[in-house]
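Below is one structure, written out as structure tokens; comments come after it.
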Amino acid sequence: DYVVVKMIPDNRLPPRHLHSVRTGKTFAVIKWESPYDSPDQDMLYAVAVKDLVRKTDKIYKVKSRNSTVEYTIKKLEPGGKYHVTVQLGNMSKESSMKINTVPLSAPDALKIITENDHILLFWKSLALKESNFNESRGYEIHMFDSLMNITAYLGNTTENFFKVSNLKIGHNYSFSVQARCLYGGQMCGEPATLLYDELGTGKDSSATKSGQATDVAAIVVPVLFLLLVTLGIGFVVLYMRHRRLQNSFTAFANSHYSSRLGSAIFSSGDDLGDEDDEAPMITGFSDDVPMVIA
């Protein structure tokens with residue numbers, strides 16, 4: 001035996017399993033289930049969104065007969081904080097949750113240029129990749145001194161560079177640049193951070209590779225230059241010796257050249273001596289001089 005029992009729906013129950021499905025910079029997708037299974041008619045929900053930063057409220061009406069309801073809350077602000085409640089339109093019990101939207105991205109290509117008595121921070125405009133960012137909002141810059149363990153707010157700017165002075169020798173610094181915080185510093189962008197210790201024993205961490213390349217170039221270039229100079233000097237010395245030997249041989253050959261024979265005559269070293277050099281050259285014999293043979 002069995003009986004069929006039909007429960008009377010209780011419209012005073014709150015929506016069930018309220019949670020966030022996806023959160024972006026300017027929207028949030030929320031999901032919940034009806035207070036009871038298989039509603040037999042359209043149910044009207046009131047979705048109240050309270051901005052915890054601006055202290056403002058908005059209410060949206062959602063009608064659905066589904067057991068599971070998904071709704072997208074739009075026109076939110078990046079980095080905002082919100083309190084969301086969902087209840088039936090008859091002001092029944094409510095379900096609530098908190099949502100934090102995704103903040104603006106960090107600026108790209110943060111670099112440091114060192115001047116004589118200060119440094120300059122440079123970065124790309126955030127408006128190039130963030131359609132929700134207006135340059136009039138500006139950026140704010142923070143500095144962390146690791147030696148003193150102190151974080152300082154340096155100021156804000158609407159430009160894409162910032163000048164930092166009065167840095168102490170031997171201190172290591174970390175600089176961060178982010179979209180300027182709004183409403184008491186509660187709605188901020190993600191910071192871009194850069195380490196800097198060039199005044200101490202190290203170098204800018206963003207320029208580590210370029211610094212290493214510069215160091216290698218500073219060593220290799222002078223060595224190559226010295227090698228080239230040495231090779232050049234060696235070629236000049238060899239050339240001069242070759243010319244000197246060629247000139248000596250030419251002079252030696254000219255001194256032994258016979259115009260009558262049309263060639264140079266060289267004798268062996270055995271018949272060369274001091275006596276031969278001093279003996280007069282025999283040019284010939286006269287017919288009237290008797291030859292005496294001993």
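The values are calculated or read from the model by the stated rules, or taken from the named source; none is laboratory data. On a predicted model such as this, the values are computed, not experimentally measured, just so you know. FYI the Cβ positions are ideal-geometry reconstructions off the backbone, even for glycines, and counts take in every protein chain you see. Areas reflect the complete protein model, heavy atoms only, side chains present, ligands, DNA and RNA absent. Shrake-Rupley method; radii C 1.70, N 1.55, O 1.52, S 1.80 Å.
Amide H neighbours of Ala106 under 5 Å, at least 5 residues apart or on other chains, H built in the peptide plane: list them.
Correct list: Glu190.
Using a 1.4 Å probe over the heavy atoms of the protein chains, calculate the carbon and sulfur portion of the accessible area of the range 108-196 as a whole percent.
For the range 108-196, the apolar C and S fraction of the accessible surface comes to 50 percent.
So what's the gap between the Cα centers of the range 171-189 and the range 4-38, to the nearest angstrom?
Result: 38 Å between the Cα centres.
Working out 0.36 nm times the residue gap between Asn132 and His171, then minus their Cα-Cα distance, what length gain in nm do you get to one decimal? Could you put the intermediate results ahead of the total?
Numbers: separation 39, 0.36 × 39 = 14.04 nm, distance 3.70 nm.
In short, 10.3 nm is gained.
Would you work out the charge dipole size for the range 16-100 about its Cα centre, treating the Cβ of every Lys and Arg as +1 and the Cβ of every Asp and Glu as -1, and quote it to the nearest 20 debye? It would help to have the intermediate numbers written out before the result.
Details: 16 positive and 9 negative charges, 96 e Å.
Magnitude of the dipole: close to 460 debye.
Can you give me the relative contact order of the range 16-100 as a percent, contacts being Cα pairs under 8 Å and 6 or more apart?
Working: 182 pairs, mean separation 28.5, N = 85.
For the range 16-100, the relative contact order is 34 percent.
Along the Cα-to-Cβ line of Asp37, 7 Å from the Cα, sits a label point; which residues in the range 58-79 have backbone N less than 15 Å from it?
67-68
Looking at this model, which pairs from Lys50/Lys111; Lys50/Lys124; Lys81/Lys129; Lys55/Lys93 are more than 32 angstrom apart at the alpha-carbon? Spell out each step's value before the answer.
Details: Lys50/Lys111 39 Å; Lys50/Lys124 34 Å; Lys81/Lys129 23 Å; Lys55/Lys93 23 Å.
As for pairs spanning more than 32 Å Cα to Cα, those are Lys50/Lys111; Lys50/Lys124.
Along the Cα→Cβ direction, 7 angstrom out, place labels at Lys58 and Thr72. What is the inter-label distance in nm?
1.4
Subtract the Cα-Cα distance of Lys93 and Leu228 from 0.36 nm times their separation in residues, and report this length gain in nm to one decimal. Kindly include the intermediate steps, with their values, before the conclusion.
Working: separation 135, 0.36 × 135 = 48.60 nm, distance 8.83 nm.
So the extension gain works out to 39.8 nm.
Restricting to Cα atoms and excluding each atom paired with itself, what does the Kirkwood estimate give for the range 139-183 in Å?
Details: mean 1/r = 0.0877 Å⁻¹.
Kirkwood radius, the range 139-183: 11.4 Å.
Per-residue HN-Hα couplings for the range 131-143, Karplus 6.51 cos²θ - 1.76 cosθ + 1.60 at θ = phi - 60°, whole Hz, x for Gly and Pro?
5, 8, 9, 10, 4, 5, 5, x, 10, 10, 10, 10, 9
How are the alpha carbon pair distances in the range 1-96 distributed across 10 Å bins from zero to the largest one, expressed in percent?
For the range 1-96, the binned pair fractions read 15, 46, 25, 10, 3, 1, 0 percent.
Stretch Asn247-Glu159 to full length: gain in nm at 0.36 nm per residue minus the Cα-Cα span? Display every interim value, and only then the final one.
Numbers: separation 88, 0.36 × 88 = 31.68 nm, distance 7.43 nm.
Gain on stretching Asn247 to Glu159: 24.2 nm.
Could you check the spin-label model distance between Lys124 and Asp145? Points 7 Å from the Cα along Cα→Cβ, value in nm.
Each label point is offset 7 Å from its Cα along the Cβ direction, giving 3.4 nm.
With an 8 Å cut-off on Cα pairs and a minimum separation of 6 or more residues, tell me the relative contact order of the range 108-196 in percent. List each step's numbers first, then the result.
Numbers: 165 pairs, mean separation 24.8, N = 89.
In percent, rounded to a whole number, it is 28.
Amide H neighbours of Leu154 under 5 Å, at least 5 residues apart or on other chains, H built in the peptide plane: list them.
It is Ile141, His142, Met143, by chain and number.
For the range 49-55, just list the computed ³J(HN,Hα) in residue order, Karplus coefficients 6.51, -1.76 and 1.60, θ = phi - 60°, integers in Hz, with x standing in for Gly and Pro.
For the range 49-55, the Karplus curve yields 10, 10, 7, 6, 8, 7, 6 Hz.
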